[in-house]
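To start, the structure itself, in structure tokens.
All of the numbers you see were taken from the coordinates with simple rules; none came from a lab. Quantities reported herein were computed from a predicted structural model and do not represent experimental measurements. Glycine also receives a Cβ, built like all others from the backbone with ideal geometry; neighbour counts cover every protein chain displayed.
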Amino acid sequence: MRTRAAVVYGLNQRFEVKEVELADPADTEVLVHLVASGVCHSDYHHITGDQIARLPMIFGHEGAGVVERVGSKVTHVKPGDHVVMSYLPSCGTCRWCTAGQTNLCDLGAHTVTGPQLDGTYRFRDDDGVELGQFCLVSTFSEWTVVPGQSVVKVQPHHRLERACLVACGVTTGVGTAIYRGGVRPGEDVMVFGVGGIGMNIVQGARIAGARRIIACDVEDWKLDKAKGFGATHTVNPKERDPVEYAMELTWGVGVDRAYEAIASPETIGQAVRALRKGGTAAVVGLTRHDQPDIPVNPSDFVLWQKTLTGSLNGGCNPRNDIPAMLAMWESGLLDLDGLVTREYRLEQINEAYEDLLAGRNIRGVIRYEWADGGVPA
């Protein structure tokens with residue numbers, strides 16, 4: 001079949017929106033008609049070479065849509081079901097899955113290699129060039145074929161143009177605060193960078209019962225926005241040293257938990273220094289695969305017993321946590337609508353990334369169609 005998709009052919013090249021050929025799903029795969037896809041910075045890191053991926057590739061990993069067709073061995077979804085993508089498929093049988101760490105499933109090694117799990121490709125352009133699928137899902141395509149392990153069935157009343165955010169940004173942010181960072185009621189929290197991930201860490205910390213939530217960002221409008229998601233204090237590092245601010249606010253003790261959603265050496269170092277004795281800092285932002293050393297004194301770990309950890313998809317189990325977080329949205333605990341700064345047509349994808357890189361968006365969303373069958377203006 002034919003589908004519109006956004007293809008990147010080489011490092012630092014722009015998206016080319018074009019019609020391409022999409023093969024039928026294999027026995028264990030699912031054909032999905034996308035309704036919406038979030039615009040995430042992680043894709044861009046692979047376009048610039050900060051992270052390694054096989055190009056050419058159709059990017060996009062934060063999507064939601066409707067199942068059109070399933071392979072003969074797929075039993076957990078059927079045509080017509082509403083689904084949210086899981087950009088980290090889980091086999092259910094490897095060491096990590098059986099230990100409850102499905103976000104670390106061995107299948108994750110396939111997410112940037114290009115082909116599907118069986119080593120073959122589903123997308124080709126009109127010149128016969130095989131096009132890789134980012135995270136095996138390629139949600140920057142109106143139609144896509146994905147592994148059965150990569151779709152999570154959700155309730156049909158959830159609006160998919162917002163539910164798509166729970167595929168990555170929301171699970172990563174909220175999960176980091178609750179699971180990987182382990183916020184406890186009454187604790188003090190600091191979040192470095194309140195974009196699409198950091199804003200969800202803020203609301204995750206609020207849900208977990210944090211006392212103070214300090215949002216740190218260079219964009220004042222994002223800091224103002226963070227207050228609506230639960231931030232009790234804000235600091236712009238252009239105006240004041242964020243570590244000094246955290247120490248002053250906590251009477252020299254430091255925060256219990258610090259979350260770094262930028263992944264620069266400077267801000268990782270700041271997150272560690274802002275901690276109290278025995279505190280935990282979690283790095284969430286994606287950066288260069290050859291990132292230089294971070295400015296952290298080993299004595300912080302030995303003498304102050306601080307912990308520096310990482311967070312992949314917030315430590316979430318997508319099959320459980322995607323429906324759970326959508327239920328939290330339904331109950332009013334989570335705000336998804338407030339995350340979306342602007343919606344775009346697929347043809348505007350380069351503009352969407354320009355806005356993201358310029359700091360103009362919390363989250364942009366590519367809309368493939370409206371409820372009435374139209375598309376964004």
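Quick notes on this one:
- Lys pairs, region 172-312 - Cα-Cα below 23 angstrom, 8 or more residues apart or on other chains: 4
- Anisotropy class of region 27-74 from Cα gyration tensor, a/c 1.5 cut: oblate
- From the alpha carbon centroid of region 148-211 to that of region 223-275 is 19 Å.
- The ranking of Phe15, Phe140 by Cβ neighbour count inside 10 Å, starting from the fewest, reads Phe15, Phe140.
- The dipole here belongs to region 172-312: it is taken about the Cα centre, uses +1 on the Cβ of Lys and Arg and -1 on the Cβ of Asp and Glu, and is about 500 debye.
- Region 28-123: C-alpha gyration tensor shape, a/c 1.5 cut-off, then a/b vs b/c: oblate
- Residue-by-residue Karplus 3J(HN,Hα) for region 48-65, coefficients 6.51, -1.76, 1.60, Hz, glycine and proline x: 7, x, 4, 10, 8, 8, 7, 9, x, 8, 9, 8, x, 9, 10, x, 8, x
- When peptides 120-132, 79-91 are sorted by average Cβ neighbour count within 10 Å, with the highest value leading, the order is 79-91, 120-132.
- Label-point separation in nm, Thr113 to Val129, each point 7 Å along Cα→Cβ: 2.3 nm
- Mean separation of Cα contacts under 8 Å, 6 or more apart, over the residue count of the chain: relative contact order %: 17 percent
- In the chain, helices alone account for a calculated mean residue ellipticity at 222 nm of -6500 deg cm²/dmol, with every DSSP H run of four or more residues adding -39,500 (n - 2.57).
- Cα gyration tensor, region 286-355 - rounded (a/c under 1.5), prolate or oblate: oblate
- Straight-distance candidates among the lysines for linking to Lys73, with alpha-carbon spacing under 26 Å and chain neighbours fewer than 8 residues away dropped: Lys153.
- Rounded to the nearest 20 debye, the dipole size of the chain about its Cα centre is 1080 debye, using +1 on the Cβ of Lys and Arg and -1 on the Cβ of Asp and Glu.
- Placing unit charges on each Cβ (+1 for Lys and Arg, -1 for Asp and Glu) gives region 183-287 a dipole about its Cα centre, and among Leu286, Tyr259, Gly269 the Cα reaching farthest toward its positive end belongs to Tyr259.
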